[in-house]
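Data first, discussion second: the structure below is written as C-alpha cells.
Read the figures in this text as sums done on the coordinates, not as results from a lab. Note that this is a predicted model, so its numbers are computed, not measured. Note that we place each Cβ from the backbone using ideal geometry, even for glycine, and neighbour counts take in every protein chain shown.
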Amino acid sequence: MLKLLKAVNDLITKITHAALVFFMSGMVALIFAQVIYRYILKQPLSWSEELAKYFFSCIIFFGAVILYREEKHINMSMALDSVRNKTFKRVVKFLCDLLIILFLCIMTFYTFPLAYDILKLGGVSPSMEWLKFGWIFMIVPVASALSLLMMLEVLLKSFAAKEGK
C-alpha cells in the first residue's frame with residue numbers, strides 16, 4: 001500500500017512542481033507586464049492583476065501539497081522539539097498528523113460541493129469572461145485532496161518506521 005501511494009505521490013509531486021514553476025513564472029510575467037503597461041505605455045491591463053492573484057492562490061495551495069509531503073508545513077514543531085521523551089514525541093506527532101488529516105478531509109469534502117455549485121452557477125471573472133469562478137474555487141478542494149494523499153503517505157511511513165524498529 002505504501003509503495004503504491006509513494007508512486008502516486010511521486011507523480012503528483014512532479015506535476016505539482018511543474019505547475020508551481022508555471023504559476024510562479026506566470027505571476028512574475030503578469031506583474032511585470034502590468035508595470036510596463038501602466039507606467040511606460042500608460043494603458044493598464046484590466047485583467048493581469050486579477051489573474052496574478054489567482055496564480056498566487058495556486059502557489060499557496062499547491063505549495064502546501066509539497067510542504068506536507070516533505071513534512072515542512074506548519075505544525076506543532078515547537079511543542080515537539082521541546083519534548084525529550086522519544087515515545088511521547090512520536091505519540092504527539094502521530095496525533096498532530098491525525099488532526100491534519102481530519103482537517104484536510106473536512107476541507108476536501110466540504111469545499112468540493114461548494115466549488116461545484118459555484119461552477120454550476122456559471123459566474124465569470126469581471127475582467128476575464130472566459131474564466132469561471134468555479135474553477136478558481138476548485139483550487140481549494142483539489143489541493144486539499146492532494147495534501148491528504150501526502151499526509152497519508154507520511155502517516156504510513158511513520159507506521160512502517162515503527163514496525164522496522
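For the chain, with only Lys/Arg (+1) and Asp/Glu (-1) charged at the beta-carbon, what is the dipole magnitude about the Cα centre, in debye rounded to 20?
Values: 18 positive and 11 negative charges, 127 e Å.
So the magnitude is around 620 debye.
Amide H of residue 124 versus every other amide H placed in the peptide plane: which residues, excluding those fewer than 5 positions away on the same chain, fall under 5 Å?
Amide H neighbours of residue 124: 133.
Estimate the FRET efficiency between residue 103 and residue 25 by the formula 1/(1 + (r/R0)^6), using the beta-carbon distance for r and 30 Å for R0, to the nearest 0.05.
Working: r = 30 Å, r/R0 = 1.02.
For residue 103 and residue 25, the calculated efficiency is 0.50.
So, by mean Cβ neighbours within 10 angstrom, what's the order for 83-91, 144-152 with the highest one leading? Don't skip to the end; give the middle numbers.
Working: 83-91: 11.1, 144-152: 21.3.
Final packing ranking: 144-152, 83-91.
For segment 48-105, what is the charge dipole size about the Cα centre, in debye to the nearest 20, if Lys and Arg each add +1 at the Cβ and Asp and Glu each add -1 at the Cβ? Write down the numbers at each step before the final one.
Working: 8 positive and 6 negative charges, 98 e Å.
My answer is approximately 480 debye.
Identify the GluC sites (Glu not before Pro) of segment 90-164 meeting these criteria: DSSP loop state and at most 12 other C-beta atoms within 10 Å of the C-beta.
Working: sites: 129, 153, 163; in loops: 129.
Answer by residue number: 129.
Calculate, in nm to one decimal, what residue 70 and residue 159 gain on full extension: separation in residues at 0.36 nm each, minus their alpha carbon distance. Write out the running numbers ahead of the final one.
Details: separation 89, 0.36 × 89 = 32.04 nm, distance 1.65 nm.
Roughly 30.4 nm would be gained on extension.
Could you state the number of Å between the C-alpha centres of segment 38-73 and segment 84-112?
Here the two parts' Cα centres lie 28 Å apart.
For segment 1-62, count all C-alpha to C-alpha pairs, find those more than 18 Å apart, and express that count as a whole percent of the total.
On the way: 941 of 1891 pairs.
For segment 1-62, the fraction of Cα-Cα distances above 18 Å is 50 percent.
Per the helix-only calculation at 222 nm, which mean residue ellipticity applies to the chain, given -39500 (n - 2.57) for every DSSP H run of n ≥ 4 and division by its residues, nearest 500 deg cm²/dmol? Could the numbers behind the result be given before it?
Working: 6 runs with 129 residues, N = 165.
That comes out to -27000 deg cm²/dmol.
With viscosity set to 1.567 mPa s and temperature to 4 °C, compute the Stokes-Einstein D of the chain, Rh being the Kirkwood radius across alpha carbon pairs; µm²/s, no decimals. Present the calculation step by step, with values, prior to reporting the outcome.
On the way: Rh = 18.2 Å.
Approximately 71 µm²/s, per Stokes-Einstein.
Assuming a strict under-23 Å limit between Cα atoms, what lysine pair count do you get for segment 2-164 once near-sequence pairs (fewer than 8 apart, same chain) are dropped?
27
Pick out, from 114, 102, 80, the residue whose Cα sits farthest towards the positive end of the charge dipole of segment 60-124, with +1 on the Cβ of Lys and Arg and -1 on the Cβ of Asp and Glu.
My answer, from the dipole projection, is 80.
Mind checking segment 119-149 for chymotrypsin sites (Phe, Trp or Tyr not before Pro) that DSSP puts in a loop (not H, G, I, E or B) and that have at most 13 other Cβ atoms within 10 Å? Walk me through the numbers before you get to the answer.
Details: sites: 130, 133, 135, 137; in loops: 130.
The qualifying sites are 130.
Based on the alpha-carbon gyration tensor of segment 16-105 and its eigenvalue square roots a ≥ b ≥ c, which shape applies: rounded if a/c is under 1.5, prolate if not and a/b is larger than b/c, or oblate?
On the way: a/c = 4.10, a/b = 3.45, b/c = 1.19.
Prolate.
When N counts the residues of segment 113-155, how does its alpha-carbon radius of gyration compare numerically with 2.2 N^0.38 Å, as a ratio? Spell out each step's value before the answer.
Details: Rg = 13.5 Å, N = 43, 2.2 N^0.38 = 9.2 Å.
Working it through for segment 113-155, the quotient is 1.47.
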